[in-house]
Structure formats: structure tokens, C-alpha cells
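Student: Here it is, the structure in full.
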Amino acid sequence: MSFAKVLLQRGKITREQYEEAKASRKSPGERLERILIDKGYAEERDVLEIIGEQLSIPVVDLDEIEIDHELLELIPSRLVHRCSLFPIERKNGSIRVATSNPFDLYAFDELRMLTGTKIEPALATEVDIQRLIKQYYGVGGQTIEDMLSAEDLEVVSESDEVHDEEIEAAQEATVVKLVNEILIEAIRDRASDVHIEPYENDLRIRYRVDGVLHTTNVPPEIRRFQHAIISRIKILSDLNIAEKRLPQDGAFSVKAQHRDIDIRVSIIPTAFGEAVVMRILDKQSILLDLSELGMEGEVLERYTALIGLPHGINLVTGPTGCGKTTTLYSALNTIRSDKIKILTVEDPIEYFLEGINQVQVKPKIGLSFAHGLRSFLRHDPDVILVGEIRDLETAEVAINASLTGHLVFSTLHTNDAPSATTRLLEMGIEPFLVTSSVAGILAQRLVRKICPKCREAYEPDYHKLPPDLELEPGAKLYRGAGCRECRNTGYKGRFGIFELLSMSDELRELVIRRASATDIRRLACSQGMVLLRGDGLQKVRDGRTTIEEITRVAKST
């Protein structure tokens, strides 16, 4: 009986799926179970277990394998990449290798001839095998080897002059493939940024996943192709390939995993060459519901009321990368309707929202935040979003817009909500204008979420807990043990912790008197404001994140 029929017999697939797979077979030799896996009808693990039963080949969990580094050096990396094999162990004069295709006998014969050793197959999923290949042999390992063996590929000169060879090297198929592999791996790992950093004898690639940088294993030979890689990124971003002395910014778009993804590129000159940061903006990944962002309870109720006001300014504050733009987009999505007109002026437009007119700032031609905002007021809007209040001119126009009956959203770079009022005063805004225009200020940070797959309860050492974390006797906390889903970090995904300051008459009095942020914070807390750390610690008690995460992003007061 075929493996596909066993799947059908065991109820792993339906009759319709089986017949569809048979109909889509392009040749008699094409394996039905592979088609079922590719279409998403069957789980690869289920197929491997059936193959293992019928062929007497064990199925292994690569997470539980202890890697033999000497064995890795014995197996040619070119063969590992080409045949998608991973060496597991040496035992009784033979080498056991993990494969997802035990029918590729040519690969086993080639490996036996190269090593002079008997080869025993073990079954593992393709995803797990590729993960270990990238972890131990490096991202783009096979491509690097192809580049090293290509006689017609020249290493780009370190001269400041640009030559035809440099452009040709950047357009080589192998370089194009290598840059693609770096980006694809980043997208698979849910990275928000890719850092390419040159050092004297090394080229390091790091991915920022859930706000934390992780160094990615790459072959050491990649340093030789540094200039070709960066030139390729410049060509994609429509940047000056000859300019290596000044910073440059650009962007390009890609389609990966059936998703449209924008890549923002920043290049700066360093001592050992140009460093690149690529920001990955996945248009499908943006959350557009305030509750999904981590906002809940009284904060959600109060913020929903604030964004429903007919006029006034709502500010979101925090450092770069703390999710301010996502929160603002979520707020706009909440209030969006056919009855109101919403305009935004942004730098850059990160995501396109249906039914909202969005304008990109272009300083080179004089289209600044302030200039765009002035034009907006003649465009009959009800709601305006200003990407960021950076200077006095933008702040004044935003305040005037709110005083003339518009609801204005914007961001500021301050560490907490009370500091936003003093920041506006420091810009030169008169206190009475701040008190009459600002309706609410939301400070936020992003913290990593405990991985749901490996989440476990534990009893903490109460003597080591921070003094502001109040726990009932016998209460449990939670952490992630680490698994393949979260790359053994214990975390997967992020959500927000929030601090919402709603302006009251008493707070306005303090602002009029130019009181310090400390005085404003003290009064706001007495009126019910929960600080960032307080919101975070509550989410620790709820088992959604860890003490270490809250300590990382929010200091104790």
C-alpha cells in the first residue's frame, strides 16, 4: 500500500485531498505524499512516521540530538546543502544522517564514497534539517561555496572609485541569491531588522527578533564578498553605488511567502567598510486592534474614549521601535468610518491603510511635517495624524489644528507620559496652549511574550523578587523553557505595556505653573494613572511575560 493511501486510511487526509493530489501529479515518478505536504494537506511528521514504519527507518527529533562537531567537519558542506542531509552521529563504524527523503540513494552513495563509511539514514522533517544546516553551516553556505569556486567572480576593490567590475559582481547570480537568502531567513525568523556589520577580519550578520539582536551563523568566507553584497543592496535601493564616504538611505520591496514586504535601508561608513541596516516592514503583520496590542481594562476604556473625542491632541511617546506607529494606526482603524475624513503625514509611510489619505514627507522639495499639516487644514479633514512632532513649527501647527476643531494624533520621543508636557514647553510652546489642546498622553514599551508552546509555571525565590512586585503567598510565576518554536529563547512575539495620562483640571494647573515632570507624575498617579512598570508587573502576575523582560524595558521608580 502506498504511503498516501496509508494517510487516507488513518484519516490524516480526506478522499478529496487524495484525489486532488493524484490529479496534480506531473509525472508517474512524483511522490503523492510530497504533493500532499506541499499543498498543506498532510503533516510532514505524519508522513515520515508512516515511511519509517514501512521501511524500518527511525524518526528522530533533532532538538534532542547532541551535535558532534568533529563529524560536521568530516562531511562536505556542499553535499549537506545540496542533498539536505545533516550528520547526526558515528556509531559502530557507520555514520547516521538525518534526511527527509530516504529515497535519494545517490546522495547516500556519494556520501559513502566521500567518507569511506557505511551510511545509515534517519528521518527528520525538512524544516528541522534546514534549521540545523543554517545554524551549523551558516546562512548562504552553499552560495558562498559556489562564489568561492567561480573563477570569473572578482573580489571588489576597496578603492573609493567604482568600476564596471563592481557593478557586475553585485549583479552576479550568486550574489543576488546570497542577499535573497539573508532576507528570506530574516523573514522566516520574524526579524524586524537585519544588521550587516563589517569588522577587520569578519562580516557579522545579526537579526533583531522580538526587539533583541541575535547573531546569525554565516561562513567566515563571506567577508571576501562584503562589497558585492553591499553593492547589491545599493542597487536594489536605488542608491549611489560609488558613494562610500557618506550615509545613504533607501528602500525597496520584495514578495516573500506570498506577502508584500517593504525593506527600508540605511547605510553608514565605518572603519572597515559600510554597515547596513535593513528594516523589514511586513504589511500583513500589523495589528489593527487595540486589545491585541496588549491594551486592556481601564487603560483600554480610557484610551478608546480619548480617541473618540471631536478635537484635541492625543500623543504617543516612547523610544524608537516601541510600537508607537502601530498604536496610532490601530487607533485610526478603530475610529475609521465613511462619516469622517482622516489624513496622515508620515516619514515614512510604513503601512497603507484602506480609506485613509496618507502623505509622505519629502524634505528635499520642502514638504515637511509643518508644511504638509498646513495644507491639510485646507483639505477639510476631521482627523489628522502627524508622524512625529520634531520641532516648534510642527508643534504649533498641530496645536492650532486641534484648537480649530480637529482631532490630532502624533508622537514624541520622551521616556514617560508626564515628560511629554515638559518637552512641549521646552520646545517653546506656551503653557496655556498645551493645556487647552492636549487631551491625553500614552507612553508605551514593547515586551516579549512567553512562548505558548513551552510556557511553564515555577515557584520564584521571593527574596530575589523586586520589591514592587506584590505576590500572594504561594503564587506561581511563568517562563518559557525554550523550544523549536521560539528558537529556544522562551519568548515568541511581543505586546505593549502602557502608561496613560488623561489631562484633568488639576494637571492643567501644574502645566500652567511649569511644574516638573516629577510633580505631574505624582499627581497623575494619585488620580489613578498606572506607570509603565506597574502595568508590566501586572502582566507578569498574569503569566504573560517575565520579570526579566519588565526590568529590561521599564526601570523601577
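The values are calculated or read from the model by the stated rules, or taken from the named source; none is laboratory data. Remember, it's a predicted structure, so these values are computed and weren't measured experimentally. In this analysis, Cβ positions are derived from the backbone assuming ideal geometry, glycine residues included, and neighbour counts consider all displayed protein chains. Quick note on the areas: whole protein, heavy atoms, side chains included, nothing else; ligands and nucleic acids left out. Shrake-Rupley method; radii C 1.70, N 1.55, O 1.52, S 1.80 Å.
Student: As a test, work out the antiparallel percent of DSSP beta bridges whose residues both lie in region 1-125, rounded to the nearest 5. Walk me through the numbers before you get to the answer.
Tutor: Details: 5 of 12 bridges.
Counting only bridges with both partners in region 1-125, antiparallel ones make up about 40 percent.
Student: Taking amide hydrogens as modeled 1.01 Å from N in the peptide plane, which residues meet the under 5 Å criterion relative to L367, leaving out close sequence neighbours?
Tutor: Placed amide hydrogens put K362 under 5 Å from L367.
Student: Provide, as a two-decimal number, the C-alpha radius of gyration of region 1-127 over 2.2 N^0.38 Å, N being how many residues it has.
Tutor: For region 1-127, the normalised Cα radius of gyration is 1.16.
Student: Filter the GluC sites (Glu not before Pro) in region 452-520 to those in DSSP coil with at most 15 other Cβ atoms within 10 Å of their Cβ, and list the result. Let's see the in-between values first.
Tutor: Details: sites: E456, E470, E485, E499, E506, E509; in loops: E470.
Here the sparse-neighbourhood loop sites are E470.
Student: Further question: Check which residues have an amide H placed less than 5 Å from V359's amide H, if you skip close sequence neighbours.
Tutor: Sorted by chain and number, the residues that satisfy this are T344, V345, E346.
Student: Can you give me the solvent accessible area of T344 with a 1.4 Å probe, rounded to the nearest 10 Å²?
Tutor: Rounded to the nearest 10, that gives 0 Å².
Student: Once every DSSP H run of n ≥ 4 in the chain is given -39500 (n - 2.57) and the sum is divided by its residues, what mean residue ellipticity at 222 nm do you get, rounded to the nearest 500 deg cm²/dmol? Don't skip to the end; give the middle numbers.
Tutor: Details: 22 runs with 210 residues, N = 557.
Calculated mean residue ellipticity at 222 nm is -11000 deg cm²/dmol.
Student: Leaving out ligands, DNA and RNA, what percent of the accessible area of region 314-370 is carbon and sulfur, probe 1.4 Å?
Tutor: 51
Student: Still on this structure: If the cut-off is a Cα-Cα distance under 30 Å, which lysines reach K22, setting aside same-chain residues fewer than 8 apart in sequence?
Tutor: Reachable lysines: K5, K12, K39, K255.
Student: With a bin width of 20 angstrom, please list the P(r) values of the chain as percents of all Cα-Cα pairs, from the 0 bin to the one holding the largest distance.
Tutor: 17, 42, 33, 8, 0
Student: So, one more: Compute the relative contact order of the chain as a whole-number percentage, counting only Cα pairs closer than 8 Å that sit 6 or more residues apart in sequence.
Tutor: Once normalised by length, the contact order is 8 percent.
Student: Using only alpha carbon pairs under 8 Å that are at least six residues apart, calculate the relative contact order of region 33-125 and give it in whole percent. Let's see the in-between values first.
Tutor: Working: 107 pairs, mean separation 27.6, N = 93.
Value for region 33-125: 30 percent.
Student: Here is a further query. Looking at region 217-290, which trypsin sites (Lys or Arg not before Pro) are in a loop (DSSP not H, G, I, E or B) and have at most 16 other Cβ atoms within 10 Å?
Tutor: R245, K283
Student: Placing +1 at every Lys and Arg Cβ and -1 at every Asp and Glu Cβ, with all other atoms neutral, what dipole size does region 392-522 have around its Cα centre, in debye to the nearest 20?
Tutor: Details: 18 positive and 17 negative charges, 190 e Å.
That gives region 392-522 a dipole magnitude of about 920 debye.
Student: Per residue, how large is the accessible surface of the chain? Use a 1.4 angstrom probe and give square angstrom. Write out the running numbers ahead of the final one.
Tutor: Values: 27520 Å² over 557 residues.
I get 49 Å² per residue for this part.
Student: Quick one: Karplus J couplings for region 276-282, per residue in order, coefficients 6.51, -1.76, 1.60, θ = phi - 60°, nearest Hz, x for Gly and Pro?
Tutor: In residue order, the calculated couplings are 10, 10, 10, 8, 9, 10, 8 Hz.
Student: Check the straight Cα-Cα distances from K177 and name the aspartates and glutamates below 15 Å, setting aside those fewer than 8 residues away within the same chain.
Tutor: E145, D146, E168, E185
Student: Continuing with this model, one more query. Show me the chymotrypsin sites (Phe, Trp or Tyr not before Pro) within region 326-370 that DSSP assigns to loop and that have at most 15 other Cβ atoms within 10 Å of their Cβ. Provide the component values of the computation, followed by the final result.
Tutor: Numbers: sites: Y329, Y351, F352, F369; in loops: Y351, F352.
Those satisfying the criteria are F352.
Student: Any idea what the relative contact order of region 199-332 is, in percent, if you count C-alpha pairs under 8 Å spaced at least 6 apart?
Tutor: 14
Student: Let me ask something additional. Once the convex hull of the alpha carbons of region 386-523 is built, what does its volume come to per residue, in cubic angstrom?
Tutor: In region 386-523, the Cα convex hull volume per residue is 159 Å³.
Student: Once amide H atoms are placed 1.01 Å from N in the peptide plane, what residues at a sequence separation of 5 or more from H214, or on another chain, have their amide H within under 5 Å of its amide H?
Tutor: Here Y207, R208, V209 satisfy the definition.
Student: In the neighborhood of R112, defined by Cβ-to-Cβ distances under 12 Å, what is the net charge if each Lys or Arg adds +1 and each Asp or Glu adds -1?
Tutor: Charge balance near R112 sits at -2.
Student: Mind checking which lysines have their Cα closer than 28 Å to the Cα of K118? Skip sequence neighbours fewer than 8 apart in that chain.
Tutor: Those lysines meeting the cut-off are K91, K134.
Student: How much of K492 can a 1.4 Å solvent probe reach, expressed as accessible area in Å² and rounded to 10?
Tutor: Answer for K492: close to 70 Å² accessible.
Student: Quick one: what are the phi-derived ³J(HN,Hα) couplings along region 305-318, Karplus 6.51/-1.76/1.60 with θ = phi - 60°, whole Hz, x for glycine and proline?
Tutor: Residue by residue, region 305-318 yields 5, 5, 6, x, 5, x, 7, x, 10, 10, 9, 10, 10, x Hz.
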